[in-house]
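The structure appears below as structure tokens.
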């Protein structure tokens, strides 16, 4: 039996999701993205081995704010996408062919939302970082395909579990919770790319 606080939190979340789905998704995704970048920066600082030419980086709250804004904006979009998949590729309890329907959902998610979401991430981060169009193109060319390939190695399994086991209202939080590690990866990749794009002196 789950602890009482988890039961109470689930009840609180369900009530707010039913009454105010968009604000609930905005807050949930924003908090989880904030946590992911905070973990990424903290781990980088703790694991960094400083040298005279490469001192230990300091925590960048503006970067965390950018990730929070991105997460808040993405939450409702993912929610609408989940509802679209629910309507377009239904999976009914006990129905024949559910395995095929599940595979179709995962394929649609990875063929459409994964490439789009990653492009949106790189573009929005570039804009919030104040890059010009060429800077965004450079970031895109350096980050996009390595991150997309990494996505396809990890997310099909996660989304299979998500679509198969999670009720609709929990799919975005489940994806975002699993996405803490993914956002941590993107955060580190984004920071690494920023460093690579710095002018050499």
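Quick notes on this structure:
- Potential lengthening of the chain between residue 149 and residue 8 amounts to 46.9 nm, from the contour at 0.36 nm per residue minus the alpha-carbon distance.
- Against the chain, whose longest principal axis comes from its Cα atoms, helix 114-128 is set at around 40 degrees.
- With both labels modelled 7 Å from their Cα along Cα-to-Cβ, the residue 134 to residue 73 distance reads 2.4 nm.
- Principal-axis tilt of helix 168-197 within the chain, Cα atoms, nearest 10 degrees: 10
- Between residue 46 and residue 98, the simple spin-label model (points 7 angstrom out along Cα→Cβ) gives 4.1 nm.
- Full-extension gain in nm, residue 31 to residue 168, via 0.36 nm per residue minus C-alpha separation: 47.3 nm
- Candidates 97, 117, 79: whichever shows maximal mean-square fluctuation once the chain is modelled as a Gaussian network with Cα springs under 10 Å: 97
- Relative protection proxy for 84-92, 108-116, 22-30, from highest mean packing down: 22-30, 108-116, 84-92 (other beta-carbon atoms within 10 angstrom).
- Computed over the chain with a Gaussian network model linking Cα atoms closer than 10 Å, the most mobile of 20, 171, 63 is 20.
- Cα convex hull of the chain, projected area averaged across orientations, nm²: 13.8
- The chain: angle of helix 4-19 to the longest principal axis, Cα-based, in degrees nearest 10: 80
- Förster-model FRET efficiency, 30 Å R0, residue 19 and residue 65, C-beta, rounded to 0.05: 0.60
All of the numbers you see were taken from the coordinates with simple rules; none came from a lab. All values derive from a computational prediction rather than experimental measurement. Here the Cβ is made from the backbone with ideal geometry for all residues, glycine too, and neighbour counts use every protein chain on show.
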